[in-house]
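Structure first, commentary second.
The values are calculated or read from the model by the stated rules, or taken from the named source; none is laboratory data. The model shown is predicted, which means the values in this text are computed figures rather than measured ones. As a convention, Cβ positions derive from the backbone with ideal geometry for all residues, glycine included, and neighbour counts pool all protein chains shown. For the accessible areas, the whole protein counts, side chains as well, though only heavy atoms, and no ligand, DNA or RNA atoms are used. Shrake-Rupley method; radii C 1.70, N 1.55, O 1.52, S 1.80 Å.
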Amino acid sequence: NADTAMYTAKEAGRSNYKFFSEEMLSEVTIRTEMEADLRKALERGEFRLYYQPCIRMSDGKVIGMEALIRWFHQKKGLISPAEFIPIAEETGLIKQIGRWVLEEACRQSRTWQEQGPYGIPIAVNVSKIQLEDEDFVTDLASLLEVAGIDPRYLQIEITESCIIKSIEVSVEKLREIRKMGIHILLDDFGTGYSSLYYLQNLPIDVVKIDKSFVDSIAVKARNTLIIDDIISIAHKSEMTVIAEGVETEDQFNYLMDEDCDAMQGYYRCKPLPREEVEKWISHYLKGNL
Ligand code: C2E
Ligand code: MG
Ligand code: MG
Ligand code: MG
């Protein structure tokens, strides 16, 4: 009997039990609340995409933009994707949210192509749950058609965790996506289970070196050595390398010396809303940076 059990536990360690149960209760409440709010967020139009430029090291050219979702909760304000994406994945809501992200990125890409000089690819983060969906590839194709954009203006970012579950199935899907002309970026590389050997055999175009490796540059840790290996193996397999989360001039120079192709990070530009990234670009193109 639950009541008896509770009573006994209370008697045994009064304050401990109470504290524990209340904490659990509030965690569950917060989660349930967030789930319910997440369901309403799409209809309420609370999501926005921010954009972070990706810059080629050799000549400073902006070669892409990464779309990063933001949730502006009507009461709680800005909620970061690190907080709500895992819940969206567990509840399956990521399918609808992910679809909205793709649609919005395609709309933006089209607008930028029409306005010029922003005819640059937008990279969209795709969850493993989206990739697992049987219809993902056909959905992508129809999205491009409806938006009327060239496939080279849409890129997708996946992580190693997207591939681990069923290598054959994911590799086959990735091949189909590439055949459509969409480039595939492997995000957060180095944080998962895959080895450098494995990297060579994946149907991907770009490897993004995780920020944790970039951070190690400053302290000259052993991790730093791995960066050269990633870059040389990626180049041998004709992949492009982007470094994530570059914050300092030292990191930038190190990556330049190591022949890294491109970078993203606060050192050049943080993720910004559409209007602000447009302003940033026009200043940047005028050489005002
Ligand atoms: P990610 O795709 O690896 O994105 C890079 C993260 O690093 C972003 O965090 C970005 O704001 C941050 N960042 C960029 N440059 C710097 C820097 O110089 N210093 C520091 N400290 N951080 C930097 P954000 O926007 O909070 O996104 C976190 C993660 O959430 C993303 O990691 C991605 O995995 C996920 N995410 C974001 N948007 C989406 C989305 O639309 N769909 C899905 N499925 N996941 C998304
Ligand atoms: Mg990413
Ligand atoms: Mg990343
Ligand atoms: Mg990362």
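A few comments on the model shown:
- Residue under evaluation PHE136, criteria (1) open to solvent by less than 50 Å² (accessible area, probe 1.4 Å); (2) over 19 Å from the mean Cα position of the chain (by Cα); (3) more than 16 Å from ligand 4 (Cβ to nearest atom), criterion not met: (2)
- Enumeration of residues in region 139-174 that are open to solvent by less than 40 Å² (accessible area, probe 1.4 Å), among the β-branched types (Val, Ile, Thr) and over 18 Å from the mean Cα position of the chain (by Cα): ILE149, VAL171
- Extreme residue, surrounded by the fewest Cβ atoms within 10 Å (Cβ to Cβ), among residues of region 196-230 that are within 16 Å of ligand 2 (Cβ to nearest atom) and within 19 Å of ILE167 (Cβ to Cβ): ASP205
- Unique match (being in contact with a helix residue (DSSP H, G or I) (Cβ under 8 Å, 6 or more places away or on another chain) and within 13 Å of ligand 1 (Cβ to nearest atom)) among ILE217, ILE149: ILE217
- In a residue-by-residue description of region 26-39, the property of being of a type in the set (Ser, Thr, Tyr) and under 14 Å from the mean Cα position of the chain (by Cα) applies to no position.
- Only a single criterion out of (1) surrounded by fewer than 18 Cβ atoms within 10 Å (Cβ to Cβ); (2) more than 16 Å from ligand 4 (Cβ to nearest atom); (3) closer than 23 Å to SER109 by Cα is not satisfied by TRP280, namely (1).
- Yes/no for ILE209 being at pLDDT 95 or above and under 23 Å from CYS106 (Cβ atoms): no
- Single residue of region 112-133 satisfying the filter (open to solvent by 40 Å² or more (accessible area, probe 1.4 Å) and within 16 Å of ligand 3 (Cβ to nearest atom)) that is farthest from ASP188 (Cα to Cα): LYS128
- Scanning region 113-148 for residues that are aromatic (Phe, Trp, Tyr) and over 17 Å from GLU176 (Cβ atoms) yields a single hit, TYR118.
- Residues in region 183-203 that are touching a Lys or Arg at 6+ places or on another chain (Cβ under 8 Å), outside any helix (DSSP H, G or I) and away from ligand 4 (no atom under 11 Å from the Cβ): 5 in all.
- Options ARG99, ARG107; residue that is surrounded by 13 or more Cβ atoms within 10 Å (Cβ to Cβ), charged (D, E, K, R) and more than 15 Å from the chain's Cα centre (by Cα): ARG107
- Criterion (open to solvent by less than 60 Å² (accessible area, probe 1.4 Å) and under 22 Å from the mean Cα position of the chain (by Cα)) met by exactly one of ILE233, ILE242: ILE242
- Scanning region 102-134 for residues that are more than 30 Å from ILE87 (Cα to Cα) and without any contact (Cβ under 8 Å) to a residue 60 or more places away in the chain yields a count of 9.
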